[in-house]
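Laboratory data are not the source of any read-out in this text; all were calculated from the coordinates shown. For clarity, every value in this text was computed on a predicted model and none was experimentally measured. As a convention, Cβ positions derive from the backbone with ideal geometry for all residues, glycine included, and neighbour counts pool all protein chains shown.
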Amino acid sequence: MNGGIYTLLVELDRPVTLEVGALGRHALPAGWYAYTGSALGSGGFSRVERHRDLAAGDGDTRHWHVDYLLCHGAMRLADDVRTPVDAECEVARALPEGPVEGFGASDCDCRSHLAYAPDRAALEAAVTDAHRRAEEVT
C-alpha cells in the first residue's frame, strides 16, 4: 500500500477567525490542531506533500477544508503521522473534539476530522496512540 491515512499537527500561534469554504467563518483559539485525512488514492501520501507545500506558501489553491487552515499566516505545520491503513474515521473519532463541526467530514458521518488541544504533547500523544491502535486492528 503506497497510501493510507495521515494526521497533520498544526499550531496556531494566535486566535484567528477562519473562513472555511461552505462551512463559513469560525473562531479558532490559539493552540494545536490535528487534521486527519485519507491518502488512499493513486497518489498515496503525496497528498501530505501537497499540504506541506501549501503550508510553506507554495500555492494557494484550496480543494479541501484543511487548505483554508494551512494557508493562514498564523499557522505552522509542525509534523504529520502516517499509517498504511484505511481507518480515517476511526482515528478522527479517537481524538479530542475540534471547534468546527463538519471540518474534513463532508463525506462521512463524523462530527469533524479536526481536533484541538491547547498543548502539543497531549494532542501528539493522542494522535500517535490512535494511529497505533488503528494499525493493530487492521
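As I understand it, the value is the acute angle between the Cα axis of helix 120-137 and the longest principal axis of the Cα atoms of the chain; what does it come to in degrees, rounded to 10?
Helix 120-137 sits roughly 30 degrees off the main axis of the chain.
Quick one: compute a quarter of the convex hull surface over the Cα atoms of segment 4-137 and quote it in nm².
Computed as one quarter of the Cα hull surface, the answer is 7.2 nm².
So what is the relative contact order of the chain, in percent, for Cα pairs below 8 Å that sit 6 or more residues apart?
Relative contact order comes out at 31 percent.
Based on Cα coordinates alone, diagonalise the gyration tensor for segment 18-61, multiply each eigenvalue by 5, take square roots, and list the semi-axes in whole Å, largest first.
22, 13, 12
Pop a pseudo-label 7 angstrom from the Cα along the beta-carbon direction at both Ala56 and Arg133 and give the gap in nm to one decimal.
Result: 3.4 nm between the two label points.
Could you state the per residue volume, in Å³, of the convex hull enclosing the Cα atoms of segment 44-117?
106 Å³
Test of understanding: in a Gaussian network model of the chain with alpha carbons linked when under 10 Å, which of Ala34, Ala87, Ala121 would top the mean-square fluctuation ranking?
Ala121
Which of Asp58, Asp109, Asp119 ends up with the largest GNM mean-square fluctuation for the chain, with Cα atoms connected below 10 Å?
Looking only at Asp58, Asp109, Asp119, the biggest GNM fluctuation is shown by Asp109.
What is the fewest-to-most order of Thr61, Thr128, Thr7, Thr83 by other Cβ atoms lying within 10 Å of their Cβ?
If I rank by nearby Cβ atoms, fewest first, I get Thr61, Thr128, Thr83, Thr7.
Can you tell me the orientation of helix 46-55 relative to the chain, as the angle in degrees between its alpha-carbon axis and the longest Cα principal axis, to the nearest 10?
So the inclination is approximately 20 degrees.
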